[in-house]
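Here's the structure we're looking at; comments come further down.
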Amino acid sequence: MNEWVLIVILVLLPIAVFSGYRVGKKQSLQKGTKPSSLSSNYVKGLNYLLNEQPDKAVDTFIDLLQVDTETVDTHLALGHLFRKRGEVDRAIRLHQNIIARPQLSKENHNQALYELAVDYQAVGMYDRASNLFNKLLAEPAHKKDSLHQLLNIHQATRDWENAASTAEKLEIVMGEKQAQAIAHFYCELASEKKDKKDIKGALATIKKALSANSNSVRASLLQGDLYFEDGNHKAAIKSYSNIIEQDIAFLPEALDNISSAYSERKDIKGYYKFLKLSLEKGAGVSALIELSKLTQEQEGDKAAAEIIGAYLEDKPSLKGLHQLISLHIEHAQDSARASLQLLDSIVEKLVERKPRYVCHNCGFNGRIIHWQCPSCKDWSSIKPIQGIEGE
């Protein structure tokens, strides 16, 4: 017999004995016959148990239990156990049985209602779950938990507008800090509008994101992308520049567009100043490589290699080493060129295989950015990897 089924039966059996006696006595009194010690359902449950049919025994004993103030906590505990074990159908039936009892207190009724909503949510019946959670918002004891569950449902269904609204209620009414999440929800909405070519609508939504969280790197990146695609390169540069103060580790995400924007404006000196400022503020090796490319164009390979070499002495980096080797290959003697090319190929493969981002909450890593961690579901927990294998 499954261990957890045995535990459930051990919990149910003494309660079922009492309930079975009460039911049997009640039935006998109604018929005017001599009271029997146990009900027929209880005997049926025992037969299932003796015939090694524990699941049927559990169902029979559950049907036998009388829901009242003395047993409701047991019912709720069993429902939680069933849901935790994946037996959500049983949990639903049990919680529905509690709700159907009019003699229970309002507190017990609402608790059963909340548990039933969680059951529905667990099996993806989001409409039913949402209806119950919304109903429970009027109950102070369940308002906070219901808002959190509604927030989870809106995220699961990608209903970003309602997600933002619910998070704002948690922040305003319950006093919880939700600024980061709210900004991400508006960014999700803006991304959807961007995909539909609604640039004006997307930009308006980004303003809501930045209003919720002025330090939202994602909002600045998306705002810069929108301006860039719309041909407003000056505004794009301004938006991307905010990343330097918000979280400079994310600057590499925008460097390609920043380079193109300065190029479109024919402002190479401006780009040079931007890169110098970024490095002074703590930008990583990607900004250095961009600076070395500008230096290479203006002063040649040797000057570019000197910049990277000086940087690598203090901050070793595989990406920087790859760029440095590439600069030296063209000037190497024939006897050394083949070895440098081999070394360059090895370092390039190392760079390509290494993850670029890591979640600081659960350790998830990957090569593409996720604003919400696919593993732990936290927002803003994934950051670019720093150090020799990253920036």
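Brief remarks on what is shown
- Compared with the alpha-carbon gap, the fully stretched path from SER214 to ASN365 is longer by 51.7 nm at 0.36 nm per residue.
- Long-range amide H partners of GLN386 with built H, under 5 Å: GLU391
- Accessible surface computed residue by residue for segment 240-330, with neighbouring protein chains in place and a 1.4 Å probe, gives 50 Å² per residue.
- Computed with a 1.4 Å probe on the full set of protein chains, the accessible area for LYS354 sits at about 60 Å².
- Nonpolar atom fraction for segment 169-315, defined as the carbon and sulfur part of the 1.4 Å probe accessible area, stands at 45 percent.
- Largest first, the extents of the alpha carbon coordinates of segment 292-391 on the three principal axes equal 52, 27, 22 Å.
- Largest first, the residues PHE185, PHE364 sort by 1.4 Å accessible area into PHE364, PHE185.
- Per residue, in Å², the accessible surface of segment 92-165 once ligands and nucleic acids are set aside, probe 1.4 Å: 50 Å²
- Computed over segment 140-291, the ratio Rg/Rh where both radii use C-alpha atoms and Rh is Kirkwood: 1.07
- Proximity of backbone amide H atoms, modeled 1.01 Å from N, is registered between LEU137 and no other residue at under 5 Å, excluding neighbours fewer than 5 places apart on the same chain.
- The string of couplings for segment 259-267 from the Karplus curve (6.51, -1.76, 1.60, θ = phi - 60°) is 4, 5, 5, 5, 5, 4, 8, 6, 10 Hz, one whole number per residue in order, with x for Gly and Pro.
- Using the Karplus relation 6.51 cos²θ - 1.76 cosθ + 1.60 with θ = phi - 60°, the per-residue 3J(HN,Hα) values for segment 150-158 come to 5, 4, 4, 5, 4, 6, 5, 9, 6 Hz, with x marking Gly and Pro.
- From phi via Karplus (6.51, -1.76, 1.60), per-residue ³J(HN,Hα) for segment 200-209 in Hz, x at Gly/Pro: 4, x, 5, 5, 5, 6, 4, 4, 5, 4
- Heavy-atom accessible area for HIS80, with the other protein chains in place and a 1.4 Å probe, reaches approximately 100 Å².
- The slack in the chain from SER260 to ASP89, taken as 0.36 nm per residue of separation less the alpha-carbon distance, amounts to 55.9 nm.
The values are calculated or read from the model by the stated rules, or taken from the named source; none is laboratory data. None of these values were measured; they are calculated from a predicted model. These accessible areas exclude ligands, DNA and RNA; they are computed on the full protein's heavy atoms, side chains included. Shrake-Rupley method; radii C 1.70, N 1.55, O 1.52, S 1.80 Å.
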